Amino acid sequence: MSKIDKNKQMKRESLLETAFRLFTSKGIQKTSISDIVEDAGVAKGTFYLYFKDKYDIRNKLIAHKSGEVFKRADLALQATDITELEERVIFLIDNIINQLVENKTLLGFISKNLSWGMFKNVLIGAGEDSEVDFYDIYHSMFGDEGRFENPEVMVFMMIELVGATCYSAILYSEPVGIDELKPYIFRTIRGIMAMHRITGQTETDSDI
């Protein structure tokens, strides 16, 4: 990467991090583009080199932050010797939940703003955040279309389940704390995968 490219990347990352701090402290509605560029120490014209408006930077920020979470979870998974698909999925989910427990600000931001449409755009490589590896993680696990009836629907259901249940459990211990809830989440995840598995397919039919 050239010095110019590095400088551009640093400015973009500075804008993203500044926007995240302001969005999570003031709220998106009360944060203006002027607030973001002033705190980031860049000209307003620089902002428009990378983002259309504050909602565009919000969407790219969601992709950026979510990608970081998934990437850390995937790296942790690669350091294990887990080979069974269900156990790999459970490990990823457990790691992601633990990251959100440690960063409740991030949990609040992602839960309030992440939509399936945004996730799908990043998943299929339509997002501009090339460092986000959603697709690689997804494809390495569910790329074999013959194993599950509709892998995308299955992943959607798992994301919705984890996002909806973990938010209240982590922040408010409702209906129970997250440690008590985890076994129920994992049991349900296994059930979702079993329901979507095509009859006759087993873990040994094809390697991950």
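The values are calculated or read from the model by the stated rules, or taken from the named source; none is laboratory data. Here the structure is a predicted model, which is why all the values come from computation and not from measurement. Neighbour counts run over all protein chains shown; Cβ positions are idealised from the backbone, glycine included.
So the values come out like this:
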item: Residue tally, condition hydrophobic (A, V, I, L, M, F, W, C), under 23 Å from GLU17 (Cα atoms) and surrounded by 13 or more Cβ atoms within 10 Å (Cβ to Cβ), over the stretch 68-82; result: 3
item: Of residues in the stretch 162-197 being aliphatic (A, V, I, L, M), in a helix (DSSP H, G or I) and without any contact (Cβ under 8 Å) to a residue 12 or more places away in the chain, the one surrounded by the fewest Cβ atoms within 10 Å (Cβ to Cβ); result: ALA194
item: Subset tally (residues that are small (Gly, Ala, Ser) and part of a helix (DSSP H, G or I)) for the stretch 1-42; result: 5
item: Considering residues of the stretch 43-62 that are assigned to a helix (DSSP H, G or I) and of a type in the set (D, E, K, R) only, the residue farthest from LEU107 (Cα to Cα); result: LYS44
item: Top-ranked residue in the stretch 9-35 [being within 21 Å of the chain's Cα centre (by Cα) and charged (D, E, K, R); ranked as surrounded by the most Cβ atoms within 10 Å (Cβ to Cβ)]; result: ARG12
item: Meets criteria (in contact with a His (Cβ under 8 Å, 6 or more places away or on another chain) and assigned to a helix (DSSP H, G or I)) for LEU77; result: no
item: Some residue of the stretch 50-59 being among the hydrophobic types (A, V, I, L, M, F, W, C), without any contact (Cβ under 8 Å) to a residue 40 or more places away in the chain and surrounded by fewer than 20 Cβ atoms within 10 Å (Cβ to Cβ); result: no
item: The stretch 146-159 residues that are in contact (Cβ under 8 Å) with a residue 40 or more places away in the chain, paired with ones that are in a strand (DSSP E or B) (beta carbon under 7 Å, 6 or more apart); result: ARG147/ARG197; PHE148/ARG197; MET154/PHE148
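Residue-wise test of (1) in contact with a Pro (Cβ under 8 Å, 6 or more places away or on another chain); (2) under 26 Å from PHE23 (Cα atoms); (3) modelled with pLDDT under 70; (4) crowded, with 17+ Cβ neighbours inside 10 Å.
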{"position": "ASN98", "(1), (2), (3), (4)": "no, yes, no, no"}
{"position": "LEU107", "(1), (2), (3), (4)": "no, yes, no, yes"}
{"position": "SER115", "(1), (2), (3), (4)": "no, yes, yes, no"}
{"position": "LYS120", "(1), (2), (3), (4)": "no, yes, yes, no"}
{"position": "ILE124", "(1), (2), (3), (4)": "no, no, yes, no"}
{"position": "GLU128", "(1), (2), (3), (4)": "no, yes, yes, no"}
{"position": "PHE134", "(1), (2), (3), (4)": "no, yes, yes, yes"}
{"position": "GLY146", "(1), (2), (3), (4)": "no, no, yes, no"}
{"position": "MET158", "(1), (2), (3), (4)": "no, no, no, yes"}
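Residue-by-condition table, conditions (1) within 25 Å of LYS112 (Cβ to Cβ); (2) at pLDDT below 95; (3) not in a helix (DSSP H, G or I):
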| residue | (1), (2), (3) |
| --- | --- |
| HIS64 | yes, yes, no |
| LYS71 | yes, yes, no |
| ILE82 | no, yes, yes |
| GLU86 | no, yes, no |
